[in-house]
Every structure is written in C-alpha cells, then in structure tokens.
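Following: one structure in structure tokens, then a few remarks.
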Amino acid sequence: SHPPLCPTGIKCGGVLSAPSGNFSSPNFPGLYPYETECTWLIVVAEGSSVLLSFSHFELEYHDACAYDYLQVYNGAARDQGNLLGTFCGHSPPPPFSSAWHVMAVVFRSDRHVAKHGFAAAYRKGSREGWWSLSIHPSILFHRPHHPCLLADACGGQLTGLSGEITSPRYPESYPNDAECRWSIGGASGGGPLTLVFADFQMEGGQGCGFDYVALFDGPTVAAPRLGRYCGSARPPRTISSTPHLLIIFKSDFNIGGRGFKAHFYSAGECQEVFTTIKGNFSSPQYPNFYPNNLKCQWSIQLPPGYRIKVFFLDMELEGRSSLTGGCDYDHLSAFDGGTENGSLLGRWCGWESLAPVTSRSNRLLLVLHTDRNTAKRGFSISYVGVVPMNVSCTRTDFHIQIPVQSLAQLERNRIYLGTPSCAAQVVGKNFKIHTRFDTCGTESQRRNNTSVIVSTLYIDFSVGDQEDIHQYEVQCEPKRKEASVTLIAGPDPSRLSQAENLVDAQQREGEAIDAHEVKSQDTSDIVFISICILAGLLMVIAVVGLVLL
C-alpha cells in the first residue's frame, strides 16, 4: 500500500508544553504521507533545557537529505544559526540537549518514496553542560551515508563559524567499510575556512588507497582537491579559498586505527593566533551583530619576557543575568598563559567601557562565548606587547637594558633615548643605553612635589612605509635613585588616549616596573660629593675675602 499522493486533513505538529511527552510522524508506525510538513514546538519551564531522543527512525535516504528529512532547531526560530542537525535514512539522530527551554522539530516529506517515519520522546532537563552542543558539533550533525550503517552515523552539513569533527567512535578504532562526508560552510557572511587536525592515526599505504581523509575546496567532490591523507602523520593546516570545505572519510574492509579529531573555523572570524608585537581584532561580523552559538578564541603569543596590554576600543555584548548578576550568557574572557586553564584576568559582558588589561606572561587567550539567542554588536580590541627591560638610575645617569632576543629583528639604532644620536649599544646579549641626565632629551620635572628626571625611550618597529614607533617614558627620582618605565604609546597615534589610560591603569595597579637600586657606590656619586665639597670651600674663601676687605 502507498500513502495518498496529496493527503488532506493530515494533522501533525503543534505545541508540546508538558514536562515530558512523545510524538511521531503522521501514521506512525505506518508509512508517512507524501508532501507533508510538520513542526513541533517543545516548550518546558524557563531555565530548563529540552532533552530529546529518538526510539525509531526511518526516512527516505539521500546523500544531502534533500528529499525527506527531519530538522532539529535550538529555539523557536527556524534560523540556520539555531539548526542543530538535518537527518534522513535509517540511523536515528543522537540525543539532544537544548541551550534553553524551547526546541523545534521539523519533519518534511516530498512526493516520492515514503517510509515508516520516526518516534521521539522529550523531557525537561537541566541547562548544566549544554556547551557541548557548540563545542562538539560532530555529535550533533550525524547523517548516514549508507542505509546499513545503523550504529555509526557520521558526517553532516555544518554551518557554524567554528566547531569540531571526529571519525566514528573516536578515540576508539573506527569501523570498517565506513564513509562519512562533512560539508562545512554556507553560513551567511562566512569567509574561507581553516581546518586543523588535533589527532590523526589511520591505516597507511602507498597513495592512501585503503583508509583515507580527502579534503575538497568547495561543497562537492567536483571542487579542487586540497589533499588526501592516511597513516600517522597529522595533515597540515588547510585553508580553503571559498566559504565551503568538503571532508570525506573512508575506511576499507580491514585494518583500522584511532581515527582523527579536527577543528574548523572561519578564517579571520572566529579563531586566530597573533605573534606580532601589536595587532587588532574584533568579534565575527563586527560592527554588525555577532552570530549565536559561538566559541571563538584569539591567542596572542609573544617572545619570552614580554607582557601583553589589551585595549578595549568598543564592546557591547548581551547583558548580565537578572537572576545571578553574572555574565552567564554571552561573555568575553581573558586568560593569562594562553590556555583556559590559566589565571582568569577578567570576564565581561553587557555594554561597558573597560580599562586596559595586562597579562603577567607572554601569552594571553581571549575567548568569546555566545549562546543560542540575543546578539549584540560585539567588540573591537587592539593589543601591544610590553617590551621587557630593566631601567635603573643613579643621581646623574640612566641605565637601560633590553635582552637582544626580545628585539632580535631590530638594529641597535632602532632603539634610542630621546634622540636617534643616543642609540643603544650591543653588550653581550643585551641592548644597553647608559647616559647622563644632561643629554638625550632628558628634562627635570616636579611630580607630586618631588623632583624627577624624565626622558622618552623609542623602539622603532617600522617596516617600509608603515610607521610603528613604540614609546616608553623612563623616569628617575635622583635622591632615592629609583627608576620606573611606562608604555605611553604603542597601538597607533590615533589611539593615544587609550594608551594614556594604560598609564593611569598601570599606576592604579602598581604595574610599573620596580626600581632597581644600584647596590655598589657608583663613581658618579663620588664625583657629585667632591663637587659639593669643592663648592663649600670656595664659598668659605669668598666669605673670608669679603671680611678682610
């Protein structure tokens, strides 16, 4: 028997608001009707999540699920940013846990070939742990590529800006006779994609003719092939030239391996690594609203000894939770040391004007989390590396020392105090400047009722026509022989006001480099004392002469 071609009076879908329940395709367990579309909206108590599972699943199979299919959405809106997966064939979708208290399920059939459909159950659950949805989309986007592969569904259409995929059963040995296709891309505003393999171990062989992973620079196998890999060597980082990337995993009838784990992200959008002394970046699609369901990372890695100063030029994220007062929804976090296990330097949300933040080490990680609803403009950030240096002083001289390895690409004349004529010298493994107070553009000032000697240290990172000169104020209090150094300009002249905030912040935080006392009596101190004694003698002689006259 066949279902009616154009069914009339078919009732399906609706709002499911009980704490738990069941639903199924029309006529289940009989054949579902042709040309039918049903939408179930599951709504549980606010603050909870929806837990969804499938006990039976049999739809018409197509490689791209273009005929009959079932879609699961995280939320009420049928928006590609909230799509958790599209499914067809014989393998049931994996269990789902929504990010909030609403989930939508859409079933559609075309005018040819009907199957027995599906049966599903849902219940109210806790929101705890839902981030696995965005971190591990490989468990969300399963689609079979052979009707007989019931236990190892894999592949899918992934439209997020970032995510992770793994071979079936990873890290256990993948099954024989498997074929999986992940089509990545298609999100609005997406750019070229970057794919990085974190782990890779498969059967090897000449020409990778047995088990392999193949990459294509586009949505289909007709696109240029970017590589074909097998064995135990991790494939190189791959960057597509289009907003689409196709990944095919295939295994033969014997000999397997652990498989692979790979991360993908939209190049320049969601995950970047910076190694230059200064830079800037922004949230995806800034200044337009950022996408939902993101985890983006920006890693700044500078040479040993450097610290990293971050300037928040603009920030508007979803606001704080009205229940907890915390940044529980969309938020930006900064971690010292370059990993999320490092010390948390700050966690921000809402619309705030933030003071600059300085790392304690040469590595800094910024992580943006966005949830499934409510988006804002995002943020714009610039950073500058704070060059490691020791500054000390006597009553008459400045002593400045910078490790050569910190500025290995610079000639010594690119580092000078006050004027280019006062350039650094290379002494051993250090750039050194040793100069008297009456040279190199130094001047005397009164600050907080104290006399200080001030000058400006210039470090010129300019390349070609791109001027890039970082400025540090060096200061000495001669009476106490205490010196300090403060970054006064780095990102660029147009952001000098931000750099001035840095000075204030450093003073508030007490981050200025501690003074380096000169332990031994300097010869310049002896000269200073001698001059004072001589001046006293001359004064006595003058007074005696006046008396005699």
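The values are calculated or read from the model by the stated rules, or taken from the named source; none is laboratory data. What you are looking at is a predicted structure, and each value in this text was computed from that prediction instead of being measured. Reconstructed Cβ throughout: ideal geometry from the backbone, glycine too, with neighbour counts over all protein chains shown. SASA here: full protein model, heavy atoms, side chains in, ligands and nucleic acids out. Shrake-Rupley method; radii C 1.70, N 1.55, O 1.52, S 1.80 Å.
Annotations
- Candidate set from region 341-375 (those that are of a type in the set (D, E, K, R) and either at pLDDT below 90 or within 30 Å of SER444 (Cα to Cα) (or both)); member that is most open to solvent (accessible area, probe 1.4 Å): GLU352
- Region 1-31, subset among the hydroxyl-bearing types (Ser, Thr, Tyr) and modelled with pLDDT under 90, residue least open to solvent (accessible area, probe 1.4 Å): SER20
- Every residue from region 443-470 that is part of a strand (DSSP E or B), under 22 Å from TYR383 (Cβ atoms) and either of a type in the set (Lys, Arg) or under 30 Å from the mean Cα position of the chain (by Cα) (or both): ILE459, ASP460, VAL463, GLN466, ILE469, HIS470
- Scanning region 290-340 for residues that are hydrophobic (A, V, I, L, M, F, W, C), assigned to a strand (DSSP E or B) and over 30 Å from ILE488 (Cβ atoms) yields LEU294, CYS296.
- Of the criteria (1) open to solvent by less than 40 Å² (accessible area, probe 1.4 Å); (2) assigned by the TED database to the domain that holds TYR472; (3) at pLDDT below 95; (4) not β-branched (Val, Ile, Thr), which one ASN448 fails: (1)
- Number of positions in region 402-434 that are surrounded by 18 or more Cβ atoms within 10 Å (Cβ to Cβ) and under 13 Å from LEU457 (Cα atoms): 10
- Residue within region 32-44 that is at pLDDT 90 or above, open to solvent by less than 40 Å² (accessible area, probe 1.4 Å) and polar (S, T, N, Q) present: yes
- Per-region count, region 283-295, residues buried (at least 24 other Cβ atoms within 10 Å of the Cβ) and closer than 23 Å to SER359 by Cβ: 1
- Region 45-62, residues that are open to solvent by 30 Å² or more (accessible area, probe 1.4 Å) and among the small types (Gly, Ala, Ser): ALA45, GLY47, SER53, SER55
- Those strands (runs of 3 or more DSSP E) lying entirely in region 203-276 with at least 3 residues open to solvent by 30 Å² or more (accessible area, probe 1.4 Å): 225-229, 271-274
- Residue that is nearest to SER283 (Cα to Cα) [pool: residues in region 175-202 that are part of a loop (DSSP other than H, G, I, E, B), open to solvent by less than 50 Å² (accessible area, probe 1.4 Å) and touching a Phe, Trp or Tyr at 6+ places or on another chain (Cβ under 8 Å)]: MET202
- Region 301-336, residues that are within 15 Å of the chain's Cα centre (by Cα) and open to solvent by 40 Å² or more (accessible area, probe 1.4 Å): GLN301
- Test: residue in region 221-234 that is under 24 Å from the mean Cα position of the chain (by Cα) and either more than 17 Å from SER266 (Cα to Cα) or charged (D, E, K, R) (or both): yes
- Odd one out for LEU345, checked against (1) touching a residue at least 24 places away in the same chain (Cβ under 8 Å); (2) closer than 21 Å to THR276 by Cβ: (1)
- Among the numbered conditions (1) in the same structural domain as CYS476 (by the TED database); (2) of a type in the set (A, V, I, L, M, F, W, C); (3) outside any loop (DSSP other than H, G, I, E, B), the only one that LEU410 does not meet is (3).
- Residues that are closer than 20 Å to GLU164 by Cβ and of a type in the set (Gly, Ala, Ser) do not occur anywhere in region 241-250.
- If you filter region 426-439 down to residues that are outside any loop (DSSP other than H, G, I, E, B) and closer than 15 Å to VAL391 by Cα, you find that the one that is farthest from the chain's Cα centre (by Cα) is ARG436.
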